[in-house]
Amino acid sequence: PGPGMPFLPGCAIKDPTKTSFHRCQTMDFKNGYAFFRLPREGVGGDTLFANQLSQDELDDLCTKGAATLTYGQVKRPAPSRFTPAFVAYDKKVLKFDAYFMEEVAISAEEHYRIRQVGLYYYLEDDSMCIIEPKVKNSGLFQGKLMRRHRVPKNEFGDYYHWKDLNLGIDLTIYGRTYRLVNCDSFTKVFLESQGIVVNPPEELVSDPYTEQRQMPVQKRTMPTGPDPFRQFLAYDTKVLRFYAIWDDTNCAFGDHHPCIIHYFLADDTVEVREVHKRNDGRDPFPVLMRRQRLPKTFVDKNKNFPSCVLEITDHEVQEWYSPKDFAIGKTVTLLGRTFFIYDCDKFTQDFYRDKYGITDFQPVDVNKKPLEKVPQVIPPYNGFGIPEDSLQNCLSLFPKPPRKDIIKMLENNLKVLRYQVALESPVPEDKNRRFILSYFLADDTISIYEPPVRNSGITGGKYLRRTKVTKPGSTPENPIYYEPSDFTIGSTIEVFGHRFIITDADEYVLNYLERNAQSFPAATVQSIRDHFLPRKVVVETTSSGFPKKDLDDLIVEVQKELKLQAPFDTRQFHEAFHHCDKEGSGFLDKTRFLTLCDRLNVPTSTILLKKLIDYCSCDEDKVNYRDFLRAFPS
């Protein structure tokens, strides 16, 4: 209508351009909430504008023309309050009893399994969950099989609604089909109030295997033979013990193995344990044969029957081993191994005495007799190396070098006796050849050296390396080696088929033989002494037998060496030695002399001082300390 004109019939001006005359929807529900929306301008027959009329004008229009009473207006009822769905259906759940069939492919006793579940539909948010009651010791994963959520109905995005639920229908959820068979009273009343015809309930199917397990077990028929349970109660923890020997010498590296055979009277089983000793070279596993029933006699079977790869059953065994098969002095074969029983314990003896009347339990002696020791025969010497070295190959698989006399090596270290020898040969060229024969006192070895001679036509050098030389006529089993007593002037030495004649010796040989005359024959010492007598010159010597000139030269060298060391009080040194010599003889005991030197910090470990002490020693027990003090002037 135009401005200023009343909103009454006949006062409205039609719009010739309007083609749609319907009234737009302005009230709606969304998520259970009622809301109001304004119509779009230009849509519908008449356009409604907000706030065109006040609330009082609208109330007047609603009540205009209504019947009035003399005592006032008729009271209208208040409009009902809107209630959301999550409040109206709070804690209201539809509960259906259902079951589904599950295939069992790995059991010989059942091919399928019936599992009873409860299906719950929550009206407040149209969600569902499936719960299976837990059964004790069922071995199945039970409880909540499907968590609560809205369940999709098809691939188009639709969800299951309570209108899709009824009794006697199959409901497929995630590939598993559930059969709805019953519901509670609230569910039935709710569905009927919504105009749904509820189908009659069905019987809930039970699992056949569970019913079979719940059936009472038939009582076991007692056998006519001996009762194994009575045997167990009577003989529990009672074991027969036999001591036996397993003879395995027929096999490679076989031996006699001591074993213990246990016979368990409770169930007629046998166990074999091997007795191990320390360092017996075997793995210490506890059981040789595990506890089991052992067959004694088998039923006749075809030869082509593969019994070696199959387990032994009761119907294949004619007789099992029993206590009467074991006795002292008897041989039993257990699983292919032969055992000789030689003794048993006291309980076993009492058992056989009471049950079988056996009284002879004399043990059998199975100890091995000691083998006669075969004498070791040393093979003859083959000529390679020295006999002592070759003998080690016969005494040990891994030969070791012969033992050496360490004390002798330390006492005679660097002590060498040198002789000049000539080669005895029919060849004229060898008559003028001269050799140096060196005898090493440390290990009694000999080496021969030929000094080179110019224009002789013979290359000099080492003629014989250092080795032991046996005397002619000695055998390899009992070799006799050359000693210093065999070397005299003019004697012949045979070295590996070559004969040498001793023509000369150095003066050290004579001095050594004279100092140790008691260790050598008098003829040997006299031979060397007679050889040096024509050439011997009167030389002034000290009390120890050394030339005085050599002693003086040695004292000068010692004094030079002492100047390089830390100085010490020589006067106190002289007084200490004179104080110890009560008799004034000029000699002191060698042990007391060395002790005094150590107390005065004299470096007696040096080579020159050791040599000076040897020059001042008149014998092995006395030392001329006056000659020694000449190296320490006061």
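Looking only at residues in the range 11-31 that are loosely packed, with under 10 Cβ neighbours inside 10 Å and hydrophobic (A, V, I, L, M, F, W, C), the one that is nearest to the chain's Cα centre (by Cα) is MET27. Note on the range 578-611: among residues that are in contact with a strand residue (DSSP E or B) (Cβ under 7 Å, 6 or more places away or on another chain) and in a helix (DSSP H, G or I), the one that is farthest from ARG515 (Cα to Cα) is CYS580. Where residues in the range 603-628 are of a type in the set (Val, Ile, Thr) and within 60 Å of the chain's Cα centre (by Cα), which of them is modelled with the lowest pLDDT? Residue satisfying both the conditions and the ranking: THR604.
Suppose the filter is out of contact with any strand residue (DSSP E or B) (no Cβ under 7 Å at 6 or more places or on another chain), part of a loop (DSSP other than H, G, I, E, B) and more than 15 Å from ASP325 (Cα to Cα); does PRO375 pass it? Yes, satisfied. Of the residues making up the range 404-420, those that are within 24 Å of VAL525 (Cα to Cα) and open to solvent by 90 Å² or more (accessible area, probe 1.4 Å) are GLU411, ASN413, LEU414, ARG418.
Take the conditions (1) open to solvent by 60 Å² or more (accessible area, probe 1.4 Å); (2) within 27 Å of LEU391 (Cα to Cα); TYR481 misses just one of them, which is (1). Of all residues in the range 503-518, those being without any contact (Cβ under 8 Å) to a residue 40 or more places away in the chain and not charged (D, E, K, R) number 6. Within the range 180-207, being open to solvent by less than 60 Å² (accessible area, probe 1.4 Å), closer than 23 Å to ASP158 by Cα and either of a type in the set (S, T, N, Q) or under 60 Å from the mean Cα position of the chain (by Cα) (or both) holds for one residue alone: THR187.
Take the conditions (1) more than 24 Å from SER474 (Cβ to Cβ); (2) open to solvent by 50 Å² or more (accessible area, probe 1.4 Å); PRO401 misses just one of them, which is (1).
When ALA442 is tested against (1) modelled with pLDDT under 90; (2) closer than 30 Å to SER527 by Cβ; (3) of a type in the set (Gly, Ala, Ser), exactly one condition is not met: (1).
Conditions (1) under 18 Å from TYR449 (Cβ atoms); (2) among the charged types (D, E, K, R); (3) out of contact with any Asp or Glu (no Cβ under 9 Å at 6 or more places or on another chain), marked per residue:
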position	(1), (2), (3)
SER396	no, no, yes
LYS415	yes, yes, yes
VAL421	yes, no, no
PRO426	no, no, yes
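Only one of these conditions is not met by LYS431: (1) modelled with pLDDT under 90; (2) surrounded by 14 or more Cβ atoms within 10 Å (Cβ to Cβ); (3) of a type in the set (D, E, K, R). Which number is it? So LYS431 meets the others, but not (2).
The rows are residues; the columns are (1) surrounded by 11 or more Cβ atoms within 10 Å (Cβ to Cβ); (2) acidic (Asp, Glu); (3) under 30 Å from PHE520 (Cβ atoms).
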| residue | (1), (2), (3) |
| --- | --- |
| ARG353 | yes, no, no |
| PHE384 | no, no, no |
| SER390 | yes, no, no |
| ALA422 | yes, no, yes |
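Being modelled with pLDDT of 90 or more, among the polar types (S, T, N, Q) and open to solvent by 90 Å² or more (accessible area, probe 1.4 Å) narrows it down to one of GLN292, GLN362, so name that one. The unique qualifying residue is GLN362. Candidates in the range 84-106 are the residues that are part of a strand (DSSP E or B) and of a type in the set (D, E, K, R); of these, the one that is most open to solvent (accessible area, probe 1.4 Å) is GLU103. Among the residues of the range 226-255, the ones that are hydroxyl-bearing (Ser, Thr, Tyr) and surrounded by 14 or more Cβ atoms within 10 Å (Cβ to Cβ) come to 2 in all.
Given the structure, is LEU437 closer than 25 Å to TYR381 by Cα and open to solvent by less than 50 Å² (accessible area, probe 1.4 Å)? No; evaluated as a whole, the condition is false for this residue. Pick from the range 114-140 the residues that are free of Cβ contacts under 8 Å to residues at least 40 places away in the same chain and among the charged types (D, E, K, R): which of them is surrounded by the fewest Cβ atoms within 10 Å (Cβ to Cβ)? Per the criteria, the residue is LYS136. Taking each residue of the range 205-226 that is within 24 Å of HIS111 (Cα to Cα) and looking for partners that are among the aliphatic types (A, V, I, L, M) and modelled with pLDDT of 70 or more with beta-carbon atoms closer than 7 Å, six or more apart or interchain, yields VAL205/ILE114; SER206/ILE114; ASP207/ILE114.
A search for C-beta distances below 7 Å between a residue of the range 364-379 that is within 23 Å of LYS330 (Cβ to Cβ) and any residue that is in a loop (DSSP other than H, G, I, E, B), counting only pairs 6+ apart in sequence or on different chains, returns VAL364/ILE328; VAL364/GLY329. Out of ASP627, ASP614, one residue alone is surrounded by fewer than 17 Cβ atoms within 10 Å (Cβ to Cβ) and part of a helix (DSSP H, G or I). It is ASP614.
Of note, VAL525 does not satisfy the criterion of being modelled with pLDDT of 75 or more, open to solvent by less than 80 Å² (accessible area, probe 1.4 Å), touching a strand residue (DSSP E or B) at 6+ places or on another chain (Cβ under 8 Å) and assigned to a helix (DSSP H, G or I).
The set of residues in the range 147-162 that are among the charged types (D, E, K, R), surrounded by 13 or more Cβ atoms within 10 Å (Cβ to Cβ) and without any contact (Cβ under 8 Å) to a residue 12 or more places away in the chain contains only LYS153. Look at (1) free of Cβ contacts under 8 Å to residues at least 40 places away in the same chain; (2) surrounded by 13 or more Cβ atoms within 10 Å (Cβ to Cβ); (3) not assigned by the TED database to the domain that holds PHE340 and you find that ARG273 fails only one, number (3). All of ARG535, ARG515 fail the test of being open to solvent by 60 Å² or more (accessible area, probe 1.4 Å), out of contact with any Phe, Trp or Tyr (no Cβ under 8 Å at 6 or more places or on another chain), among the basic types (Lys, Arg) and modelled with pLDDT of 90 or more, apart from ARG515.
In this structure, is PRO472 closer than 22 Å to ASN382 by Cα, over 60 Å from the mean Cα position of the chain (by Cα) and assigned to a loop (DSSP other than H, G, I, E, B)?
yes
One residue alone among THR210, THR221 is modelled with pLDDT under 90 and open to solvent by less than 100 Å² (accessible area, probe 1.4 Å), and that residue is THR210. Being within 17 Å of ASP627 (Cβ to Cβ), at pLDDT 75 or above, open to solvent by 40 Å² or more (accessible area, probe 1.4 Å) and not polar (S, T, N, Q) is a property that holds for HIS578.
The values are calculated or read from the model by the stated rules, or taken from the named source; none is laboratory data. Just so it is clear, the model here is predicted, and its values are computed rather than measured. Cβ: placed from backbone, ideal geometry, glycine included. Neighbour counts: every protein chain shown. Just so you know, the surface numbers come from the protein's heavy atoms only, side chains and all, with ligands and any DNA or RNA stripped out. Shrake-Rupley method; radii C 1.70, N 1.55, O 1.52, S 1.80 Å.
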